[in-house]
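What follows is calculated from the coordinates using simple rules that are stated; it is not laboratory data. These numbers come from a predicted model, not from an experiment. All Cβ positions, even for glycine, are placed from backbone atoms using ideal geometry, and neighbour counts span all protein chains on display.
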Amino acid sequence: MSIEIKNILAKTILSEATGYLDIGFTHSLNPYSGCAFACKYCYVREMPIQRFKELPWGEWVDIKTNAADNYRKEIIKLRQKNKRVNLFMSSATDPYQPLERKAEITRRIVEAMIEHPPDLLQIQTRSPLITRDIDLLLRLKEKCNVLVSITIETDREDIKRMFAPYAPGIKLRLNALREIHEAGIKAQAAISPVLPFTPDFPKRLDGIVDRIWIDTLNIGDGSMGKRSDRLGMPAIFEAHGLSDWYRRDIHVRVEKYFKKTFPEEMIHVSKDEAFPQRR
């Protein structure tokens, strides 16, 4: 798949958290626009940032070359106003998508955060590339609360290929979670959205995470399942005989199942008003 790549200068890099993001976060930060992982279920496909684009989602990425400089300027202004800064990175892209390996936009942002730390940083990614920045994250966690959340929506590679063929493999993500956890950085597995998995899924996460987040296509797309419906998710599940996994109460079933392996305080479930955790 070819990808159109552009370097752009962003006017701002911090966006105020509103709507479904306004749950514990004050701002979101997206180092890129667009995402090369092109997951079929991604709710961003139904947002204005994509709907007004001529190219399909996954075939374009804009690199915000001035992101780190913008972050420095914007957080200094917020601190001058005594504002709290709880950051979610990222809500509409993956901060560690393949381009990051060379562009290092996210790495430069984290470096800037060490100089000017937020109060809280949650990094949401599905890429094992994040382990490259463990050195910086260890320094940052001495100055603020850091949570690394890696999306692992299933433990079945065949299901992953069906819904997210361009995303990193499950084993690579599990290894990344283990490495983050063993480094002493708080690690979260985001089962988001819940996709069909094997009975051994909880065991594969046991001992390598500090926290588990459960989210679904029906309550985690920002529109109570309407975006997922428009993206054709029910039809895909039905075509592969997986309709039972598309139930609106699937989060209840998954929570109950994971509580057989993990203590209740480790498991957090997205509710109707909660924010998406899929980046």
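Report the Stokes-Einstein translational diffusion coefficient (µm² s⁻¹, integer) for region 144-279, Rh taken as the Kirkwood radius over Cα pairs, at 10 °C with viscosity 1.306 mPa s.
105
Using just the Cα positions, wrap region 17-62 in a convex hull and report its mean projected area in square nanometres, one decimal place.
Computing the convex hull of the Cα atoms and averaging its projections yields 3.7 nm².
Could you work out, for region 57-170, what percent of all Cα-Cα pairs fall into each 10 Å distance bin, beginning at 0 Å and stopping at the bin that holds the largest distance?
12, 43, 31, 12, 2, 0
Give the order of L242, L147 when sorted by the count of other beta carbons within 10 angstrom, beginning with the fewest. Intermediate values should be presented prior to the final figure.
Numbers: L242 14, L147 19.
Least to most surrounded, the residues fall as L242, L147.
Taking only Cα atoms and a 10 Å spring cutoff, compute GNM fluctuations for the chain and point out the largest among P56, P202, P118.
Largest GNM mean-square fluctuation: P56.
Obtain the radius of gyration and the Kirkwood radius of the chain from its C-alpha atoms and give Rg over Rh.
0.94
In whole Å, how far is the Cα centre of region 196-210 from that of region 120-158?
Region 196-210 and region 120-158 have Cα centres separated by 17 Å.
Measuring from label point to label point, each 7 Å out along Cα→Cβ, what is the E111 to Y257 span in nm?
Once both label points are built, they end up 4.4 nm from each other.
K40 to S223: extension gain in nm, 0.36 nm per residue of separation minus the Cα-Cα distance?
So the extension gain works out to 64.2 nm.
Taking the Cα centre of the chain as origin and charging only Cβ (+1 Lys, Arg; -1 Asp, Glu), how large is the dipole, in debye to the nearest 20?
Using Cβ point charges on Lys, Arg, Asp and Glu, the chain gives about 380 debye.
Using only Cα atoms, figure out Rg for region 209-256 and give it as a multiple of 2.2 N^0.38 Å.
Working: Rg = 11.7 Å, N = 48, 2.2 N^0.38 = 9.6 Å.
Normalised Cα radius of gyration, region 209-256: 1.22.
For the residues Y71, Y96, what sequence is obtained by ranking on other C-beta atoms within 10 Å, fewest first?
Y71, Y96
For region 7-104, what log10 I(q)/I(0) values come out of the Debye formula at q = 0.10, 0.18, 0.22, 0.24 1/Å, with one point per alpha carbon and no solvent?
For region 7-104 at q = 0.10, 0.18, 0.22, 0.24 Å⁻¹, log10 I(q)/I(0) is -0.29, -0.90, -1.23, -1.36.
Using the Cα centre of region 4-269 as origin and beta-carbon charges of +1 (Lys, Arg) and -1 (Asp, Glu), tell me which of A187, P118, A176 is placed farthest towards the positive end of the dipole.
In region 4-269, that residue is P118.
Can you compute log10 of I(q)/I(0) for region 61-104 with the Debye formula, treating each Cα as one identical point scatterer, at q = 0.17, 0.19, 0.24, 0.25 Å⁻¹?
Log10 of I(q)/I(0), two decimals: -0.61, -0.72, -0.96, -0.99.
222 nm [θ] for the chain, helices only, -39500 (n - 2.57) per DSSP H run of 4+, per residue, to 500? If you can, show how the numbers build up before the last one.
On the way: 11 runs with 86 residues, N = 279.
Dividing the helical sum by the residues of the chain leaves -8000 deg cm²/dmol.
To the nearest Å, what is the center-to-center distance of region 79-117 and region 29-62, using C-alpha atoms only?
19
Once you place label points 7 Å from the Cα toward the Cβ at R156 and L55, how far apart are they in nm?
Label at R156, label at L55, 3.3 nm between them.
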